[in-house]
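The values are calculated or read from the model by the stated rules, or taken from the named source; none is laboratory data. Quantities reported herein were computed from a predicted structural model and do not represent experimental measurements. All Cβ positions, even for glycine, are placed from backbone atoms using ideal geometry, and neighbour counts span all protein chains on display.
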Amino acid sequence: MALSVPGVLAQPSRLVSGRIPDLGGGESGRIGTVATVKEEDVMRIRPRTNSAVAWADFALVVSATVMFAIVSAHFELGEAISAWTHPRERYQLDELPGVLLVMALGGAWFAWRRTGEARRELQRRFVIEGELTAALSENRRLERENMRIQEEERRILARELHDELGQYLNAIKLEAVCLRSSGPSDGTQTERSAASIVAIVDQVQATVRDMVRRLRPAGLDELGLAAAIEECIDGWRRRLPAVRFEYDFTAPRSNWGEAVNMTLYRLVQEGLTNVARHSQASSVAISLQQLAGSSNPAGVIRLDIRDDGVGIVTPRASTSGVGLTGMRERVESLGGRFEAVNAAHGGFHIAASIPLPELAV
């Protein structure tokens, strides 16, 4: 059951879904029905000038003016006021009607100005609320995609643990059974089983290292960011022998804290994944450098990833892709700037600038 929620504003032709507290007498703390706000609800919520009401108000003002003129002429209010103020000329009371007229005009001008300011403020709030609605919708989409990716990673890990490690462990068990069953004089069988166990254990270790590397790059903690990125690039060189990779690291150090290091590593990892999946590039250039910052004494770290591939085919691809959106979120969470655009000479260009914490200098 969809509920229209007064007070919730959205852009036209956009549906906003969210959860609201259950105010219908349900259990305390229970989350209520999903609310859906449609365009007609938004137009009903937004205050707008009703032309019929405006004309009615205008007619009322004109009628009141005409009635006052008739009453004033009938009772000769002008002469009465003049006769009342003439004996009090020293107090300048005869100037009171003009003063009141100017005050009324000034009040009307003041109200007109404040009405314009209120209208502009309402328009600005509508724009901000529309942007907020779009941001909330994007956050929900990212949350759903994040949950999907987590489940996909768990599924892959479970499959590899079952298929890879399970097979190797079963093979080790079979070889151990053969060793136990073989007689003490059967040296050839013992040697063959031992060699098989060693080879299987090597395979298990390689599989575990690969799984650990995908979960957390070991070189990032042991060797620093520069070496970890170099190791990541070497892995892609083996996977994509037809692509030429260039890596330029010009920075006085390669450790800027856990958050910055991990963000830069994941940017390179995701950028090279995009190259392998979409770009059809023949060369990729990765540049990492530390620059002086005008507002940050520690400076900024600048990462550029350029390729000579096909670039972005559709304009929306630069904002709708989950990978690029995740990269942008990572950079902006650290106060940085992220750009992903088609290069002027062809190909695709990813640029990220992250301000360094002062403790990192």
For the range 328-346, name all the residues that are closer than 16 Å to residue 279 by Cβ and at pLDDT 85 or above. 340, 341, 342
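With part of a helix (DSSP H, G or I), over 21 Å from the mean Cα position of the chain (by Cα) and at negative phi as the only criterion, which of 138, 145, 153 stands out?
153
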Wholly enclosed strands (runs of 3 or more DSSP E) of the range 228-307 bearing at least 3 residues over 20 Å from residue 340 (Cα atoms): 244-250
Determine, yes or no, whether residue 276 is modelled with pLDDT under 90 and aliphatic (A, V, I, L, M). yes
Residue 281: in contact with an Asp or Glu (Cβ under 9 Å, 6 or more places away or on another chain), more than 29 Å from residue 155 (Cβ to Cβ) and surrounded by fewer than 15 Cβ atoms within 10 Å (Cβ to Cβ), yes or no? no
Show the residue pairs that are 6+ apart or on different chains and have beta-carbon atoms under 6 Å apart, the first residue being within the range 197-223 and at negative phi and among the β-branched types (Val, Ile, Thr), the second being part of a helix (DSSP H, G or I) and surrounded by 13 or more Cβ atoms within 10 Å (Cβ to Cβ). 197/172; 197/175; 200/168; 200/171; 200/172; 204/168; 207/164
Could you go through the range 144-158 and let me know if any residue there is surrounded by 10 or more Cβ atoms within 10 Å (Cβ to Cβ) and either more than 30 Å from residue 328 (Cα to Cα) or in contact with an Asp or Glu (Cβ under 8 Å, 6 or more places away or on another chain) (or both). no
Does residue 213 satisfy the criteria of being farther than 23 Å from residue 272 by Cα and either assigned to a helix (DSSP H, G or I) or of a type in the set (Gly, Ala, Ser) (or both)? no
Checklist (1) loosely packed, with under 14 Cβ neighbours inside 10 Å; (2) at pLDDT below 80; (3) among the basic types (Lys, Arg) applied to residue 213, failing item: (1)
Assess whether residue 315 counts as being assigned by TED's automatic domain parsing to the domain that holds residue 262, modelled with pLDDT of 85 or more and not aliphatic (A, V, I, L, M). no
